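Taking it in order: structure first as structure tokens, then the write-up.
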Amino acid sequence: MLDRLTLQNKSHSQEVLEMLYEDVERRLATSISGACPVDVALNLLTLCHAQSCGKCVPCRIGLQQLASMIRAILDGKGEASDLERIEELAMVIMDTADCVIGAEAAKQVFLGVRGFASDYLSHIMTGHCSGDFKQAIPCVSACPANVDIPGYIALVEAERYEDAIRLIRKDNPFPTVCAYICENPCEAHCRRNIIDSAVNIRGIKKAAVDYAGDVPAPMPENKTNKRVAVIGGGPAGLTAAYYLRLMGHQVTIFEKRTQLGGMLRYGIPSYRLPREKLDSDIYTILSLGVQVKTSFEVGRQLSMEDLKQSFDALYISIGTHAGKQLGILGEDARGVYSAVTMLRQIGDGQMPNFSGMKVAVIGGGNVAMDCARTAVRLGAERVSCVYRRRQEDMTALAEEIEGAVAEGVILETLQAPVAIETNEDDSAVALIVQPQMISYVDRGGRPKPTEASLSEKRIPADIVLIAVGQAIEPLKGDHAADKMNGSRIQTDAAGRVGNLSGVFAGGDCVTGPETVIKAIAAGKTAAANIDSYLGYEHQITSEIAIPQPHLINRPPCGRSTIAHRHAAERKNDFSSIVCEMSEREIKQETSRCLRCDCYGYGSFKGGRQVKW
Amino acid sequence: MVTVEIDGHIITAEADMTILSAARAAAIHIPSLCYLENINEIAACRVCVVEIEGLDHLVPACATKIQEGMRVFTNTMRVQKARRINVELLLSQHDCQCALCLRNGNCELQNLAGDLGILTIPFPVEPRTGSWDSLAPFVKETEKCIQCMRCVQVCDKIQEMHIWQVFGSGGRSTIGIPTAVLSDTDCTYCGQCVTHCPTGALHERDDTAAVRRALADPETTTIIQVAPAVRVAWAEGMGLSETEMSTEKMVGILKAMGFDYVFDTNFAADLTILEEGSELLERLQDKESHQWPMFTSCCPAWVKFLKQQYPLFNDALSTVKSPQQMFGAVTKSYFSDTSGIDPHKMMVISIMPCIAKKEENKLENMRSACGDLDVDVILTTRELIRLMKAQHVNINQIDSQPFDSPLGSSTGAGVIFGASGGVMDAALRSAYYLIEGKNADADAFNVVRGIKGWKEATFTIPSFGQIRVAVVSGLGNAKALMEAVSKGEAAYDFVEVMACPGGCAGGGGQPIHEAMECAEARGEQLWLIDQRAAIRYSHENEAVLTLYRDFLGKPLGAKAHALLHTDENWHHKAAYKSQEMVKAIAINIAMSRK
């Protein structure tokens, strides 16, 4: 007699297929750069088509016809009118497919035809892709500052730590800072993901920094007698100053605060970036002979016009130091602060005392986490992090959120702040929130929160910290302010501010709050373009010989990560939270690097750039 | 030094050597295909893969450095299988109709497949197709391209012109140019990509059909000129040894093939020296009115390069035509007058070591004798060899013969035009005479000779003073020199530039030999011919002097100007960027959709 029901066991082939799917997921997430988008679109389409059951016409035949048309274009047999036919067919499939397998596959094609029309057209008109082939080293091209990552990994492996620092400084004068707080976009594209998982690039950089000791900066070029003013001494300004000095120009930094560092000092707490580590990078930059005027507010003590008169070029890198407001009732009550204000005070050593207090932090970004974790360290009895979306929608790094939770921060997600309740002294006593539910995806692709049918909730709070975004503090009486669109300065891709001859800008004041490595990239870009503007072609270069790759680097191997001090211990102080990786871990991690600078396209056209 | 074991042989070699170079130094042959020493070491074809003890995958010998104690096996079953399958894969996308290919018998892929004993291809054979501009002086056959990237690398690294690009990715990646037609790029037609192509994917446009028709047509008088560098290379393709090869033998064969007049481009080279030497002296006497240094103008690839890449130096270029074009202009005027042959019924054919020459005859100012093209057809040395073979001349039974008169007599100064430094050497010999009224020793200027890419010298001519010269060959070197001159880092009076490394001896139209650069050896042959020549000064070429006396008047005179010089304002048409057009159209369409 047949069994009425049986428990399903995965067949061996199903298991293998699932494993292959996982491999492809990692491969796709790595998104190999340089591939022809039309060719990729065709192959994604055929994969989707293979998943179709074949019942309905639009999916069974339509997807096949879409693929045939795209293939014809790739084969050089396409016509411009084919694009309209592809669009039309894709729309019909989207309209008529019975299930999402076909509809979503057609939608991908549709988005591609719209999104990379010029690539399709190039195939139709010239028989090949537009532009030339850019198969760059994945990590290097993903790094905004294009740091020579495989180069320094190989140097760390060879225990040439000082050379590793020198090589990093070719593109980034903040090796120490980045060893602690870089968000490492490089790792997302690491080709190692195809085998197992990305190389722990930041961990290797930290080893370089830890073992190298003091590495002096290179000698600057001969004096050019050109003078550049840098307004704002954060990472973008300091980076520009470093390279402009190396190129032989005179540089003066005007800094409004009492110390240099910008958000590295006045935004990032010392438990993430120990002050002596920040100071060591700044010391190296200043060792080149950069003039610094701190507590100097351009616009107040000296006008922009005066600066333009006395300098050959200006670089504005004033960051975003004004906290955005929520516009809710009670926001000006006592005990309510903007995140930037509190972190700035701490940066100058003024520690508020939160002992025994209840703190509510509003926001879901890294700044919110910094505030929450700082509040824990300042003795708060209870710290909540209030956010109107879900945890997975938070823009803060997962590592930061996990760290905060481990240190006792309570995540109040799907709670939209409505008002701050005050007592008779006009001091905050609670944050009133409206519970939300997550709902439809908005135009930007994120699911939007909407009011849940639940009543308002009261979160007790003596202190409310608002971390919902930042804007620039405009320079007083300045024409560049005319170029400010809302909260940012407008520039072209080279960093030029409008047609203001010789005025450049970059960093957070142009991009809005961004990562430190993007600010560094902005400073580097500005230095190159200011040098050209001044009539020079100085090249920043490195002559460090890079060790040969190993012949064995492919065996699958787990990724060693940077460990953190235990939460119960670290939450009581402002000392660095990270532990050192062991020498053995570093050795293994460096050996995982696939050396894309030497293998694949790296040995042909996609290899090392030794100068810029 | 590092000690390694390759196939059981203990080898000690420099630590930075690759397995391939260490093996070859020890006479162990590892087959390779895409590899080109110092130029293309990208390990693309995976033919040179070898097995290393302790390693789980094979490695390319061309791109893997030796390491102390390494044990290498170059011919295990695993290696043989990998090598064979990789070659079979290449053949599956290659047009294997070898009988129809002009590299038949001289193809690195064919040789390799033969050596490996491949008789069938176990994959569906589907050569890739692509289009090519039929008017271009050289041809790319995608069907034969194995994407070794040598053309890209030679153009990038040696010539620094960056004409060839890789388009697309994956299975659709392909080598090409960014425009629909070659003339829209800055390609100088130097042909170095062609001479470094391992297969028949790149070759000269075959122009032999017109010559064969003319030879068969009794109405047409066929007049052939042979460039200096051809005489030291033609025999390579005929299977003759160096001792069997002689200029006179070549002339004998050409006559047997039926050419009515066999003349010598060397005659026009001597003529060039008289014009160019006189021009140099004229400019030197009025230094303020001229742009410096004066550049030679015999290499059409260089002339195109200068006019495109450094147009501000246009006036510094000598206005004299190249020997090829001077020859055509004199033939269809002076020789037509003296022989009574209707210039419209002449076919002037050049045999050149060059591909760029195939287009030079169509430039402005190159119809100065009778209105027709001064030179009708240009064949490369390789096409000459094919024509010789096709005409079934029994070369063993052919006697050596001298060139015909009057455009066949020349001096040692003419023949060295084919080697880097030759034009400079010859020009200095005559310039010295024109200034001093007596000859310097013919070897007085020999420091400008040799294969080096950028040579400099300063000579003292007693009645004049010092003259600073430079000789460069290879466009990468030309670019470096132009940058130095532009920035004021280098200053010269006279500069010779040849686009191909080593000059015409290494020209893009010369015979191709696997993994061999022949410019130096051929150049030495040319210098030897000069050493042995009875006359070694262009200004002593009696036939040239007669030409001036009876026809041209004096150097730089009105008639000489009309026939032998270009109008200095002529220029190559500006590059037409169709790639930008595509982008503009794409943007328009994208906009109109919104």
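Computed from the coordinates by the stated procedures, all read-outs in this text should not be read as laboratory data. Predicted model only: the values in this text are computed from it and were never measured. Here the Cβ positions follow ideal geometry from the backbone for every residue, glycine too, while neighbour counts run over all protein chains shown.
Against chain B, whose longest principal axis is taken from its Cα atoms, helix B:381-390 shows a tilt of about 80°. Of the GluC sites (Glu not before Pro) in segment B:1-97, the ones in a loop by DSSP (not H, G, I, E or B) with at most 14 other beta carbons within 10 Å are B:GLU14, B:GLU37, B:GLU53, B:GLU68. Within segment B:424-548, all pairs of alpha-carbon atoms sorted by distance into 10 Å bins from zero give the percentages 11, 36, 35, 16, 2.
Near the amide H of A:LEU551, within less than 5 Å, lie no amide hydrogens of residues on another chain or at least 5 residues away, with H placed in the peptide plane. If R0 equals 56 Å, the separation of the Cβ atoms of A:ASP442 and B:GLU160 corresponds to a calculated FRET efficiency of about 0.65. Extent along the principal axes, Cα only, for segment A:323-469: 43, 37, 25 Å, with the longest axis given first. Maximal additional length on extending the A:TYR211-A:SER501 stretch stands at 100.0 nm, based on 0.36 nm per residue less the C-alpha distance.
So for chain A, averaging the separation of alpha carbon pairs under 8 Å that are six or more residues apart and normalising by length, what relative contact order in percent results?
After rounding, I find 15 percent.
Shown here for segment B:276-365: GluC sites (Glu not before Pro) in loop regions (DSSP other than H, G, I, E, B) with at most 15 other Cβ atoms within 10 Å, namely B:GLU364. The aspartates and glutamates within cross-link reach of A:LYS308, meaning a Cα-to-Cα straight distance under 13 Å and a gap of 8 or more places when in the same chain, are A:ASP478.
Of all DSSP beta bridges confined to segment B:368-498, the antiparallel ones make up roughly 60%.
If you plug the beta carbon distance of B:ASN439 and B:ASP372 into 1/(1 + (r/R0)^6) with R0 = 41 Å, you get a FRET efficiency near 0.60. Using only alpha-carbon positions in segment A:35-126, the gyration tensor eigenvalues give semi-axes of 22, 12, 11 Å once each is multiplied by 5 and square-rooted (largest first). The amide H of B:ILE6, built 1.01 Å from its N in the peptide plane, has B:ILE11, B:VAL72 as neighbours under 5 Å, considering only residues 5 or more places off or on other chains. Report the Stokes-Einstein translational diffusion coefficient (µm² s⁻¹, integer) for chain A, Rh taken as the Kirkwood radius over Cα pairs, at 20 °C with viscosity 1.002 mPa s. Answer, rounded: 79 µm²/s. A prolate overall shape is assigned to segment B:145-265, the ratio a/c of its alpha-carbon gyration tensor axes (a ≥ b ≥ c) being 1.5 or greater and a/b exceeding b/c. Listed by chain and number, the lysines whose C-alpha is less than 25 Å from the C-alpha of A:LYS205, apart from same-chain residues fewer than 8 away, are A:LYS170, A:LYS277, A:LYS518, A:LYS524, A:LYS587, A:LYS611.
Exposure proxy shown here: for B:MET17, A:MET437, the number of other Cβ atoms within 10 Å sets the order, fewest to most, as A:MET437, B:MET17. Ordering A:SER13, B:SER430, A:SER295 from the fewest to the most neighbouring beta carbons within 10 Å gives A:SER13, A:SER295, B:SER430. Which residues in segment A:330-364 have a backbone N closer than 14 Å to a point placed 7 Å from the Cα of A:ASP426 along the Cα-to-Cβ line? Residues A:330-336 fall inside that zone. Each Cα pair under 8 Å and six or more residues apart adds its separation to the average, and for chain B the resulting relative contact order is 15 percent. Net length available on complete extension from B:THR546 to B:ALA15 is 184.8 nm, with 0.36 nm assigned per residue and the Cα-Cα distance removed.
Test of the criteria: in segment A:1-106, which trypsin sites (Lys or Arg not before Pro) are in a DSSP loop and have at most 13 other Cβ atoms within 10 angstrom of their Cβ? Don't skip to the end; give the middle numbers.
Details: sites: A:ARG4, A:LYS10, A:ARG26, A:ARG27, A:LYS55, A:ARG60, A:ARG71, A:LYS77, A:ARG85; in loops: A:ARG4, A:LYS10, A:LYS55, A:LYS77.
When the trypsin sites (Lys or Arg not before Pro) of segment A:1-106 are filtered for loop state and at most 13 Cβ neighbours within 10 Å, A:ARG4, A:LYS10, A:LYS55, A:LYS77 remain.
Apply 1/(1 + (r/R0)^6) to the Cβ-Cβ distance of A:ARG71 and B:SER92, taking R0 = 22 Å, and write down the FRET efficiency to the nearest 0.05. Efficiency, from the Cβ-Cβ distance: 0.70. Beta bridges from DSSP with both residues in chain A: antiparallel share about 40 percent, rounded to the nearest 5. Segment A:281-378 has equivalent-ellipsoid semi-axes of 35, 19, 12 Å, by the square roots of 5 times the alpha carbon gyration tensor eigenvalues, sorted largest first. Scalar couplings 3J(HN,Hα) for segment B:36-52, obtained by applying the Karplus form with A = 6.51, B = -1.76, C = 1.60 to θ = phi - 60°, are 9, 3, 6, 10, 10, 10, 9, 6, 8, 7, 6, 8, 8, 4, 9, 9, 10 Hz; x denotes Gly and Pro. About its Cα centre, chain A has a charge dipole of approximately 660 debye under the convention of +1 per Lys or Arg Cβ and -1 per Asp or Glu Cβ, with nothing else charged. By the Kirkwood approach, averaging reciprocal distances over each pair of separate Cα atoms, segment B:208-564 gets a hydrodynamic radius of 20.2 Å.
Across the protein assembly as shown, counting alpha-carbon atoms alone, Rg and Dmax equal 36.8, 123 Å. A simple spin-label model places pseudo-atoms 7 Å from Cα toward Cβ; at B:ALA562 and B:LEU281 they are separated by 2.5 nm.
Database remark: amide H of A:SER576 closer than 5 angstrom to no amide H (H placed geometrically; neighbours at sequence offset of 5 or more, or on other chains; Pro and chain starts carry no H). Using DSSP, restrict attention to beta bridges with both residues in chain B and report what percent are antiparallel, rounded to the nearest 5. Once the DSSP bridges in chain B are tallied, antiparallel ones form about 50 percent. Across every pair of non-identical alpha carbons in segment B:2-91, the mean reciprocal distance, once inverted, gives a Kirkwood radius of 13.0 Å. The alpha carbon radius of gyration of segment A:1-52, expressed as a multiple of 2.2 N^0.38 Å, is 1.73. By the count of other C-beta atoms within 10 Å, a proxy for reagent exposure, A:THR320, B:THR188 are ordered fewest to most as A:THR320, B:THR188.
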